[in-house]
1. Rounded to the nearest 5, what is the percent of antiparallel bridges among the DSSP beta bridges in segment B:140-248?
2. May I have the extent of the alpha carbons of the protein assembly as shown along their three principal axes, as whole Å values ordered from largest to smallest?
3. Out of all DSSP beta bridges with both ends in the protein assembly as shown, state the antiparallel percent to the nearest 5.
4. Order of B:Ile33, A:Ile12 from fewest to most other C-beta atoms within 10 Å?
5. Once each part is reduced to its C-alpha centroid, what is the distance from segment A:6-61 to segment B:181-248 in angstrom?
6. According to the square roots a ≥ b ≥ c of the eigenvalues of the Cα gyration tensor, what is the shape class of segment B:124-248, taking rounded for a/c under 1.5, prolate for a/b larger than b/c otherwise, and oblate for the remainder?
7. Can you compute the modelled spin-label distance between B:Asp181 and B:Asn119, with each label point 7 Å from Cα toward Cβ, in nm?
8. On a full-extension model of 0.36 nm per residue, what is the gain between A:Glu195 and A:Phe66, subtracting their alpha-carbon distance, rounded to one decimal in nm?
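What follows is calculated from the coordinates using simple rules that are stated; it is not laboratory data. Values in this document were obtained by computation on a predicted structure and should not be read as measured data. Please note: Cβ atoms are built from the backbone with ideal geometry, for glycine as well, and neighbour counts cover all protein chains shown.
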Amino acid sequence: MKTPFFKAVLSIVRKDLRTELRSRELISSMGLFALLSILVFSFALELDRIARQEAISGVLWVTVVFASFLGLNRSLAMERDQGNLDAMLIAPIARTTIFFGKLVGNFLFTITVGLLLLPIMTVLFNVSLVQPLVLAVLFMGTFGFTTVGTLLATMTVQTRARENLLPIVMMPLALPLLLAAVKASTNLLTDSATEDWVAWVQILAMVDVVYLVMCYLLFEYVIEE
Amino acid sequence: MTETSTTRALVEIRSLVKAFGVLPVLRQLDLTIEKGEFVALLGPNGSGKSTLIRLLSGLSKPTAGTIHIGGWELPQEAAAVRAQIGLVSHRPLLYENLSARENLIFFSRLYNLPRDAANTRIDDLLERVGLGRRAGDMVRTFSRGMQQRLSIARALLHGPAVLLFDEPYTGLDQDAAAILDDLLTDTHAAGQTIIMVTHQLNQAAKLASRVVILSRGKIGYDAPTNGLDALELASIYTQTTSMASAKQ
């Protein structure tokens, strides 16, 4: 009697993409914030080449993380404010389809901003970020961050201080993931030995899997009254 | 479009208790609703009306007691129950940046309706609620009344056995309320079972076939309307709610 899992997830993703294409609320606010951030960093950090290589992954992840806070809050607030979350909750779909639908949408919006940042940062910092392995780390880090972010934003969006609360509850939880993502990308950009970045990429992949499973299991409890 | 598991009453509520922490909102509530009834659920603020609607729609879980809809039990068979209910709230439950048709298409997919059948049904419903010509317009351009009519189309989309209305007249002007009256009358005449929470005694007396007054989490009055007018209902309402207050 339930709607098939993938059909429901796909419907939610398509709906999110369509509404975003119309309003451009998320991408424009996230993109503008990200652009301003890296401009400020590029003016503020007068570094030599080696120092820039070491600092640039930190700049990238700080920008992606804070831009994603904007997107995650807005994405879930859109469902909450009009009561649309209730409309989805009374449909004969598994609760977890809502989580995966929102996760895919949030990931696509955040990774779009991340991908736009790479060529711009390459020009501003004169360090080539458009590399297959850096892209892979960006995808893995963004996926993990939006996974835990989607779960926590579902919780915090029900509170009055949702904009402030999300970063506060999310940063401690996302710390292992951010640490792995920053270390992996720094080691890749500073041409460190293979074993240095492989270890961090493995940790990143493991944290991604753990977060995905935990969020999948917890979402039903989070969404309940 | 919906199927039921047994031939018992469409909605059966037995010894229902709902508490938030130590605060009881519904206390040992018993209610049976037969197919085709239009039940107006009245009561003062805080009497548990909206809580009951949230319990019936599966958005909330009972503290104790049982709820059966179409023979399926909540919350154990929630997916089966959710396929049998449609909810119209005081909030539109619609996406402002999608058109009326796109909203209905989205929800038809969540309800797993076959594409061709869904398209036909969406066209029919948009005409029925008077939005056929505005089908391609964004919901954000709609008035509150139009959004409420579209909400009804959304709630009827999957042919639910029970329609739940939670204060549907909130924010509607007189014209929009009159249009909603006509829609509710037509929907009920088509055999739809309706449970409507409202503070509008006029509408309750005029439209409903049965009135249930909740007071402090219990049923204080439950009877068919049978020609009851708004003044008589207002008198019953005052007596029922003031008696409950006096008992406290």
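1. Roughly 55 percent of the DSSP beta bridges within segment B:140-248 come out antiparallel.
2. Sorted largest first, the three principal extents are 87, 50, 39 Å.
3. Working: 22 of 39 bridges.
Of all bridge pairs located within the protein assembly as shown, approximately 55 percent are antiparallel.
4. The fewest-first ordering by Cβ neighbours comes to B:Ile33, A:Ile12.
5. 54 Å
6. Working: a/c = 2.37, a/b = 2.07, b/c = 1.14.
Prolate shape, in that a/c is at least 1.5 and a/b is the bigger ratio.
7. It is 3.9 nm.
8. 43.5 nm
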